[in-house]
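Data first, discussion second: the structure below is written as structure tokens.
The values are calculated or read from the model by the stated rules, or taken from the named source; none is laboratory data. Note that the structure is a prediction, hence the values are computed from the model and not measured. A quick note on method: Cβ atoms are made from the backbone with ideal geometry, for glycine too, and the neighbour counts reach across all protein chains shown. SASA here: full protein model, heavy atoms, side chains in, ligands and nucleic acids out. Shrake-Rupley method; radii C 1.70, N 1.55, O 1.52, S 1.80 Å.
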Amino acid sequence: MMTQILQRHQWNHKSIFDRLVAALLLITFAPFLAVIALIVALKLGRPVLFRQQRAGQFGRPFMLLKFRTMTDARDPNGDLLPDGERLTSFGRFLRSTSLDELPELWNVCKGEMSLVGPRPLLMRYLPRYTSEQMRRHDVKPGITGWAQINGRNGIAWNEKFRLDVWYVDHHSLWLDCKILVLTIWRTLRRDGISQAGHDTMEEFFGTQ
């Protein structure tokens, strides 16, 4: 009982910390965000923000916000071209520097995400997880996380999920601060390109 009370207080403190920091960052970088939004509109078109339903804590859906990084280019039949053909050099720059993730600060302010936690993935992945992998949803998803500073898109899905669950079992304010600092460092170094040389992961179809 005492352990549950302490865990509840810890998560309450984490939520307050997340929202205060996210609000401060949004206010501080508002002009910078406006400039990025303008460039996105000029280079990639509208809408400026990419919205997609993702799985949040306990698998509950929420609408993730990011700066768009791809065009709406289509083939002669009107179908969207593959992601790799729609991802522009500017979009690739936004992804490699994680600038496309900045609108997620609004998701943090709304209480849908945390600054640190497992990355929010597609809703259709939910039935594909093992019971152990599903534990990554015991906490709020994060803008960055333990898996992001330990390989990001350069590691296999199973390893990424193992790192996510490790974070669930070992989370603390100190660990969150460490992850945030290392995220800034690794972002400046432009780490995390996938083994296939792309900026995104292949789809997860379940553990074989």
Rounded, prolate or oblate: which one fits segment 8-98, using the alpha carbon gyration tensor with axes a ≥ b ≥ c (rounded when a/c is under 1.5, else prolate when a/b beats b/c, else oblate)? oblate
Can you flag which of 140/160; 43/160; 14/43; 140/178 are past 28 Å Cα-Cα? 43/160; 14/43
Any chance you could list P(r) for segment 65-157, counting all Cα-Cα pairs in 10 angstrom bins from zero, rounded to whole %? 14, 36, 36, 13, 1
Option label - Rg and Dmax of the Cα atoms in Å computed here, alternatives (1) 17.4, 63; (2) 15.7, 43; (3) 16.5, 53: (1)
To the nearest 10 degrees, the tilt of helix 157-170 (Cα long axis) against the first principal axis of the alpha carbons of the chain is 40 degrees
How much net charge surrounds residue 125 when only other residues with a Cβ under 10 Å from its Cβ are counted (Lys, Arg +1; Asp, Glu -1)? +2
Relative to the chain, whose Cα atoms define the longest principal axis, helix 2-28 and its Cα axis are tilted in degrees, nearest 10, by 30 degrees
Share of accessible surface on carbon and sulfur in the chain, whole %, 1.4 Å probe and ligands ignored, is 61 percent
In order over segment 41-46: 3J(HN,Hα) from phi, Karplus 6.51/-1.76/1.60, θ = phi - 60°, whole Hz, x for each Gly or Pro, gives 4, 6, 8, 10, x, 10
For the chain, what does the accessible surface come to per residue with a 1.4 Å probe? Please give it in Å². 56 Å²
